[in-house]
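Here's the structure we're looking at; comments come further down.
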Amino acid sequence: MIRPRLRAGLGGLLIGGLALGALVSTAAHASSTANRLDSSSALRQAEASNAYYACLTAEAHSLVRPHDVVFLGEANLPRWVTITKTMGGWAHLTLHRSNATVALLLGPVSPGHGPGCAGQGLTSIRATGPNGVTIHVAHPPKRHR
């Protein structure tokens with residue numbers, strides 16, 4: 001029969017060993033995650049993502065005037081999120097088309113409009129009066145080397 005004091009000591013030792021094992025495992029996982037994030041592949045992906053959003057932001061600035069209220073006319077959730085990430089910090093956005101002065105859409109770039117932003121581009125639709133609208137397709141910014 002194990003004495004209660006010895007049983008408590010063994011239980012504490014077991015819990016301490018499990019906690020130490022969990023800490024070592026977590027540290028190893030954190031180290032491998034940090035190494036993967038520093039890899040050249042992850043850096044290339046981050047640079048491509050940054051360039052994509054910078055390109056879309058430049059397009060949005062060319063289409064949206066300073067006092068515009070922008071309706072994001074996207075039924076496609078990933079595209080809606082992309083436009084929101086592109087201009088959510090500086091443009092006045094609305095969920096109600098009737099409150100907007102311009103609507104923006106994100107879609108594939110048609111031939112003749114250049115490469116776009118990774119094949120995607122913004123299009124604005126603006127009412128010009130009771131019976132008219134203007135549609136503008138943004139041109140990607142020029143790349144300086």
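Select from the stretch 81-106 the residues that are within 15 Å of Q120 (Cβ to Cβ) and surrounded by 16 or more Cβ atoms within 10 Å (Cβ to Cβ) and list them in ascending order. Step through it out loud before you land on a result.
Step one: list which residues in the stretch 81-106 are within 15 Å of Q120 (Cβ to Cβ), which gives 81-87, 104-106.
The answer is T82, I83, T86, M87, L104, L105, L106.
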(request) Starting from the stretch 77-91, keep only residues that are on the phi < 0 side of the Ramachandran plot and small (G, A, S), then list their pairs with residues that are modelled with pLDDT of 90 or more and part of a loop (DSSP other than H, G, I, E, B) whose Cβ atoms are within a distance under 9 Å, requiring at least 6 positions of separation or different chains. (result) A91/V64; A91/D68
(request) Kindly check whether there is at least one residue in the stretch 42-50 that is closer than 26 Å to A103 by Cβ and not acidic (D, E). (result) yes
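Report yes if S62 is at pLDDT below 90 and of a type outside the set (A, V, I, L, M), otherwise no. Spell out how you get there, then give the answer.
Details: at pLDDT below 90: no; of a type outside the set (A, V, I, L, M): yes.
Taking the combined requirement at face value, the residue does not satisfy it.
Check G21, G89, G17, G9 and return the single one that is within 16 Å of the chain's Cα centre (by Cα) and not polar (S, T, N, Q). Break it down into steps so the answer makes sense when it comes.
On the way: G21 fails: within 16 Å of the chain's Cα centre (by Cα); G17 fails: within 16 Å of the chain's Cα centre (by Cα); G9 fails: within 16 Å of the chain's Cα centre (by Cα).
Step by step, each of G21, G89, G17, G9 is checked, and only G89 is within 16 Å of the chain's Cα centre (by Cα) and not polar (S, T, N, Q).
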(request) Could you please let me know if A54 is surrounded by 15 or more Cβ atoms within 10 Å (Cβ to Cβ) and small (G, A, S)? (result) no
(request) Would you mind finding the one in S41, S32, S49 that is of a type in the set (S, T, N, Q), out of contact with any strand residue (DSSP E or B) (no Cβ under 9 Å at 6 or more places or on another chain) and at pLDDT 85 or above? (result) S49
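The values are calculated or read from the model by the stated rules, or taken from the named source; none is laboratory data. What you see is a predicted model; the values in this text were computed from it and never measured. Ideal geometry is used to build each Cβ from the backbone, glycine not excepted, and the neighbour counts take in all protein chains shown.
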